[in-house]
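What follows is a short report on a single structure.
The values are calculated or read from the model by the stated rules, or taken from the named source; none is laboratory data. Since the model is a prediction, treat every value here as computed from it, not as a measurement. As a convention, Cβ positions derive from the backbone with ideal geometry for all residues, glycine included, and neighbour counts pool all protein chains shown. For accessibility, only protein heavy atoms count, side chains too; no ligands or nucleic acids. Shrake-Rupley method; radii C 1.70, N 1.55, O 1.52, S 1.80 Å.
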Amino acid sequence: MKKLAILLTAAAVLASAASAQQADVRPGYHYGPARNWMNDPNGLVYYDGEYHLFYQYNPHGDRWGHMNWGHAVSRDLVNWEELPVAIPETDVMAFSGTAVIDWNNTTGFGKNGKPPMIAIYTGHDPKTERQSQYLAYSNDRGRTFTIHGEVLNAGNEKHFRDPKVFWHAPTRRWVMVVLKAAANTAEIYTSPNLKDWTHRSSFGPAGGRGKFWECPDLFELPVEGGAPGETRWVLSINLGDNAIGGGSGGQYFVGDFDGEKFTLVPGWPAAPQWMDYGADFYATISWNDMPKGDPRRVWMGWANDWRYAEAIPTWPARGIMTVARTVALRKTAEGYHLLQAPVRELATLRGTPQRAPALALSETPVPLPIEGGKADIELELDTGTADQVSIALTDGQGWQTRIGVNPTVNEVFVDRTRSGPHFHDGFANRHVAPVDLKSRKVKLRVLADESIVEVFVNDGRQTITDRFYRGGGALTWSATARGGKATMNLTAWPMRSMESRK
Ligand code: FRU
């Protein structure tokens, strides 16, 4: 009895310490479930006025396991509402995958003249670890699914996962890109009906390699600065380890796709091209079936890194997504590269802007007119004679996260080496993106949300996404220049939380 009382007291103390910490660090405009564990975004699809965000979810705890498809919906890609689990674990776990709207009812699962929503995902058998692709369908706008069963396997292959499926209009067929994860190859299949699949080609290994390739995507984009009417295909592939931020991360390839085979553009670099230079942008996939007349390609990532994912000090939920980002393709003298930006709808959460034009910066930190930890900040920096210019978020205990530029080595950085108490050896790092600072000028957009920063460099030519955890107390902002003088124009909007968080 006495033992039980001691245990209960200990549990209560732990829970209250954890909840105090969570109250500080829970983001307001980044999606995460109210409780439990979340990883990859799955089945991003738009239908009938709603954007769907399904995701890897463990309803039984705050660590990975028992994978289900959790579910949230939004009318604007910004305000998300959590719904009940959409696809449960059965004899197999429901691993990552895609959702599509079967407009032509090629599956025959439509009802009352309405197209079904189809989920194609990996069934993971926890006993044998065999992985194969499953189909489930919904006739109630993604609220509930009927599991049809396995539609594609590769024998007893253990690491055959993460199908991305889309309708390829020119060939009037469905296309699936799915990974032989351990072999680091992407396998392309086609199907007339989402049930019968034919293997067409393989891509890889190429670029960045790791223990596993995970969560691919394949989509066509117009080329800004390219030949008139030029479009190219982007193949994005995530790496479970060995990415630029030190752990898991994403790379992309640019090429052509004829409905069966992906071919790199001539001269595509052998070195990996990274989607993001931070540690917390992973398993990124894009929306299928964007609303008619909306040409944007929009994607979202899981803001975490497998190295420390299960150790991050948040409670009672573990895992958030990044904001939804548009992704575009630009051609310059250096070749093809991606540009990312937060979706324009995010501006609906902005409050009254604070402006600080022509701030003169030196060694003495200048306080910035930004209140609290939720802000959307635009900075134009002229590094002048300084060799480092940075802004810092400091908490009530002196823990500090810095975002800055270093013109002498042409880099933008996020430094979270002292952002909060130690919780994992893999976390306290500085992340760096290359940027040309010969002109000594750079534009940064910084989305801060209590325990995450998303930094967009020069209109999203590079991004750095990093979570940070703190000691306690309110956050304050300041700016500094080292080794000389610099100037900065700042516009900062306080950000509101999404509706469901108020
Ligand atoms: C990526 C991943 C996927 C897999 C899922 C399991 O983070 O490992 O490859 O489908 O998570 O939860």
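Looking only at segment 291-307, residues that are among the aromatic types (Phe, Trp, Tyr) and either surrounded by fewer than 18 Cβ atoms within 10 Å (Cβ to Cβ) or at pLDDT below 95 (or both) come to 0 in all. For residues that are of a type outside the set (Gly, Ala, Ser), over 19 Å from ALA283 (Cα atoms) and touching a residue at least 60 places away in the same chain (Cβ under 8 Å), tally how many sit in segment 226-251. Residues meeting the conditions: 2.
Do we have VAL85 as in contact (Cβ under 8 Å) with a residue 60 or more places away in the chain and either crowded, with 16+ Cβ neighbours inside 10 Å or more than 16 Å from the ligand (Cβ to nearest atom) (or both) here? So VAL85 does not fit the description; no. Quick check, is GLY267 more than 16 Å from the ligand (Cβ to nearest atom) and in contact with a Phe, Trp or Tyr (Cβ under 6 Å, 6 or more places away or on another chain)? No. Per the listing LEU239, LEU235, LEU218, the residue uniquely buried (at least 23 other Cβ atoms within 10 Å of the Cβ) and more than 29 Å from GLU411 (Cα to Cα) is LEU218. Of everything listed in (1) at pLDDT 95 or above; (2) open to solvent by 20 Å² or more (accessible area, probe 1.4 Å); (3) under 23 Å from the mean Cα position of the chain (by Cα), the single unmet condition for ARG501 is (1). Of all residues in segment 181-192 being assigned to a loop (DSSP other than H, G, I, E, B) and crowded, with 18+ Cβ neighbours inside 10 Å, which is farthest from the ligand (Cβ to nearest atom)? Restricting to residues being assigned to a loop (DSSP other than H, G, I, E, B) and crowded, with 18+ Cβ neighbours inside 10 Å, the top hit is ASN184. Selection within segment 110-120: residues that are small (Gly, Ala, Ser) and away from the ligand (no atom under 16 Å from the Cβ). The member of this set that is surrounded by the most Cβ atoms within 10 Å (Cβ to Cβ) is GLY110.
Considered as a group, the residues in segment 121-130 that are without any contact (Cβ under 8 Å) to a residue 60 or more places away in the chain and not in a loop (DSSP other than H, G, I, E, B) include one that is farthest from the ligand (Cβ to nearest atom), and that residue is GLY123. Of everything listed in (1) aliphatic (A, V, I, L, M); (2) on the phi > 0 side of the Ramachandran plot; (3) not in a strand (DSSP E or B), the single unmet condition for ALA283 is (3).
Open to solvent by 40 Å² or more (accessible area, probe 1.4 Å) and either in a strand (DSSP E or B) or under 30 Å from ARG344 (Cβ atoms) (or both) - does that describe any residue in segment 97-109? Yes. When restricted to residues that are out of contact with any Asp or Glu (no Cβ under 9 Å at 6 or more places or on another chain), more than 14 Å from the ligand (Cβ to nearest atom) and open to solvent by less than 40 Å² (accessible area, probe 1.4 Å), segment 47-60 contains 4. Scanning segment 343-387 for residues that are crowded, with 17+ Cβ neighbours inside 10 Å and either in contact with a Phe, Trp or Tyr (Cβ under 9 Å, 6 or more places away or on another chain) or at pLDDT below 95 (or both) yields LEU346, LEU349, LEU368, ILE370, LYS374, ALA375, ASP376, ILE377.
The set of residues from segment 477-502 being hydroxyl-bearing (Ser, Thr, Tyr) and out of contact with any Asp or Glu (no Cβ under 8 Å at 6 or more places or on another chain) comprises SER478, SER497. Residues that are of a type in the set (Lys, Arg) and either within 15 Å of the ligand (Cβ to nearest atom) or in contact with a Leu (Cβ under 7 Å, 6 or more places away or on another chain) (or both) within segment 201-217 comprise just one, LYS211.
If the condition is being in contact with a strand residue (DSSP E or B) (Cβ under 7 Å, 6 or more places away or on another chain), open to solvent by 10 Å² or more (accessible area, probe 1.4 Å) and within 16 Å of GLN400 (Cβ to Cβ), then segment 440-471 contributes only GLU450.
Only one of the listed residues (ALA311, ALA271) is over 26 Å from PHE166 (Cβ atoms), open to solvent by 40 Å² or more (accessible area, probe 1.4 Å) and more than 14 Å from the chain's Cα centre (by Cα). That residue is ALA271.
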